[in-house]
Amino acid sequence: MAKGALIVVSAPSGSGKSTILHRLLEQRENLRFSISATTRAPREGEQHGVDYYFVTQDRFLEMIEEDAFLEHAEFVGNHYGTPRAEVEQRLEDGYDVYLDIDVQGALQVREKRPETLLIFILPPSMEELEHRLISRGKDDMETIRRRLAEAERECSVKDRFDYVVVNDEVDRAAAEISGIIDGYKQRMK
Ligand code: 5GP
């Protein structure tokens, strides 16, 4: 069986990327989400082994030592990393693997695997992003402020991605990303 495609999607938090991901997972049978490890506390409704592997700081550092990560980064005071073995196994099994990671992580993956497809999702505007972060009510104001500052920084490197998709409307943006993945897979053959 042919190996799957590695797809990295980065976007400022609040850009609606998790809704897009769910749409893509429904529509693309061959797509698998890579579950990251993080030292961040679970938000309400988040499950260990589904949304993230929630680990202690000590365990995370141990995993770095074990070279267990394809990439890892610190984001707004917490560590996040992509477990390498899982990703590689899925690709071997022929699945396309979707990494939802920050821009630092995306650029590390590009270094290690230059053939990776890198997609950046842009919110329609910074005002809309602020509105979404406040209305989802999951973070306090200080965290929202830090996430907005981070979003500005993240958007400034979007030109290093292969594609930039504006999330003006979820179905449209998901369809655009699906088309990009199809084109990429055609070229991979
Ligand atoms: P959140 O705390 O909102 O779930 O995620 C914060 C940021 O960390 C998001 O930009 C998300 O894409 C990123 N992130 C999640 N998992 C990983 C990972 O494994 N590696 C890196 N570098 N970033 C990640």
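The values are calculated or read from the model by the stated rules, or taken from the named source; none is laboratory data. The structure displayed is predicted, hence computed values, not measured ones. Backbone-built Cβ (ideal geometry, glycine too); neighbour counts: all protein chains shown. Remember, those area values only see protein heavy atoms, side chains included, never the ligands or the DNA or RNA. Shrake-Rupley method; radii C 1.70, N 1.55, O 1.52, S 1.80 Å.
Gain on full extension, evaluated as 0.36 nm per residue between His131 and Glu152 minus their Cα-Cα distance, stands at 6.1 nm.
DSSP beta bridges confined to the chain are antiparallel in about 30 percent of cases.
Here the mean projected area of the convex hull built on the C-alpha positions of the stretch 1-104 is 6.8 nm².
Taken per residue, the accessible surface of the chain reaches 52 Å², heavy atoms only and a 1.4 Å probe.
Just the protein heavy atoms count here, and of the accessible area of the stretch 6-188 at 1.4 Å, carbon and sulfur take up 47 percent.
Among DSSP beta bridges lying fully in the stretch 1-108, give the percent that are antiparallel, nearest 5. The antiparallel fraction comes to roughly 40 percent. Proximity of backbone amide H atoms, modeled 1.01 Å from N, is registered between Glu71 and Thr82 at under 5 Å, excluding neighbours fewer than 5 places apart on the same chain. Peptides 10-19, 74-83, 122-131 ranked from most to least packed give 10-19, 74-83, 122-131, packing being the mean of other C-beta atoms within 10 angstrom over each peptide's residues. For the stretch 52-97, the orientation-averaged shadow of the C-alpha convex hull comes to 3.6 nm² (one quarter of the hull surface). Pairs with C-alpha atoms separated by more than 23 Å, drawn from the list Lys112/Lys138; Lys138/Lys158; Lys3/Lys158; Lys112/Lys185, are Lys112/Lys138; Lys138/Lys158; Lys3/Lys158.
A straight chain from Glu88 to Arg160 at 0.36 nm per residue would run longer than the Cα-Cα distance by 23.5 nm. Normalised by residue number, the volume inside the convex hull of the Cα atoms of the chain is 115 Å³ per residue.
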